[in-house]
1. Set the Förster distance to 30 Å, then compute FRET efficiency between Leu161 and Phe77 from the Cβ-Cβ distance, nearest 0.05.
2. Let me have the relative contact order for the chain, percent, based on Cα pairs under 8 Å that are six or more residues apart.
3. In the chain, with Lys and Arg counted as +1 and Asp and Glu as -1 at Cβ, which of these residues, Gly193, Gly56, Ala131, has the Cα nearest the positive end of the dipole, that is, farthest along it?
4. Assuming 0.36 nm per residue, please report the length gained on full extension of the stretch Arg39 to Leu11 beyond their Cα-Cα distance.
5. How large is the charge dipole for the stretch 77-125, taken about the Cα centre, if only the Cβ atoms of Lys, Arg (+1) and Asp, Glu (-1) carry charge, to the nearest 20 debye?
6. Give, rounded to the nearest 20 debye, the magnitude of the charge dipole that the stretch 27-124 has about its Cα centre when Lys and Arg contribute +1 at Cβ and Asp and Glu contribute -1 at Cβ.
7. What dipole magnitude, in Debye to the nearest 20, does the chain give about its Cα centre under +1 on Lys/Arg Cβ and -1 on Asp/Glu Cβ?
Amino acid sequence: MTPDEALEDLLATRWSCRAYQDRQVPKPVIERLLTLAQRTASWCNTQPWQVIVTSGAGTERFREAMTEWARDHPAEFDFAPPAEYRGVYRDRRRASGWQLYEAVGIERGDREASARQAFENFRFFGAPHVAIITTDAVHDLYGAVDSGLYVGTFLLAARSLGLGAIPQAALAGHATLIRKHFEIPEDRKILLGISFGYADEAHPTNSYRTARAGLDEVVTWVE
């Protein structure tokens, strides 16, 4: 397999994992994952990301705190989410959502069931580990972009090691709780969380894959 074919395989077989086996990832495997992710490119090699990784009882304490908090508190982000999705971006978002709902048998219009599924974000979909990604506040947008690149590398590294993972903006929506729980200083902004572990590939939520736009939809050639 050539290098580009190996990369294509990782990109094509990675998915957002929403169900996990009940077993811990050995620490050497997590360290290998983080070592690979640390090779991420960044502006002037600033590497503005910092990562908090939970395991075992640490994950369970965070899971309990997050589910209790999320029931009673509205979303509050360090980085504002999109005000709305329009046109093709809205269409792609809806298509992805309906794939999930169809996989788990949620009918259109069943808001109670869809809300229950959405709340699984705060249980980390049963994952044994969570990585909280923060960036230096003064780097602002540049730090967010660099740390977003780190997230992409992290996801591919996880796949290369046989792990499932899912980046979750839903967790960043409760930045106040995360900052308090992990004693994160005010000079750090919370970008998102990544739940990860060994995927339960037999679970319905892991049975579908999303599509990607063709080059004709995203590329403008100038010759």
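1. On the way: r = 30 Å, r/R0 = 0.99.
Working from the Cβ atoms, E equals 0.50.
2. Numbers: 303 pairs, mean separation 85.3, N = 223.
It rounds to 38 percent for the chain.
3. So the residue furthest toward the plus end is Gly56.
4. Numbers: separation 28, 0.36 × 28 = 10.08 nm, distance 1.72 nm.
Value of the extension gain: 8.4 nm.
5. On the way: 9 positive and 8 negative charges, 31 e Å.
In debye, rounded to 20, the stretch 77-125 gives about 140.
6. Values: 15 positive and 14 negative charges, 81 e Å.
With only Lys, Arg, Asp and Glu charged at Cβ, the dipole is about 380 debye.
7. Details: 25 positive and 30 negative charges, 74 e Å.
Value, rounded to 20: 360 debye.
Each value in this text was obtained by applying a stated rule to the coordinates, not by laboratory testing. All figures in this text were calculated on a predicted structure; none of them were measured in a lab. Here the Cβ is made from the backbone with ideal geometry for all residues, glycine too, and neighbour counts use every protein chain on show.
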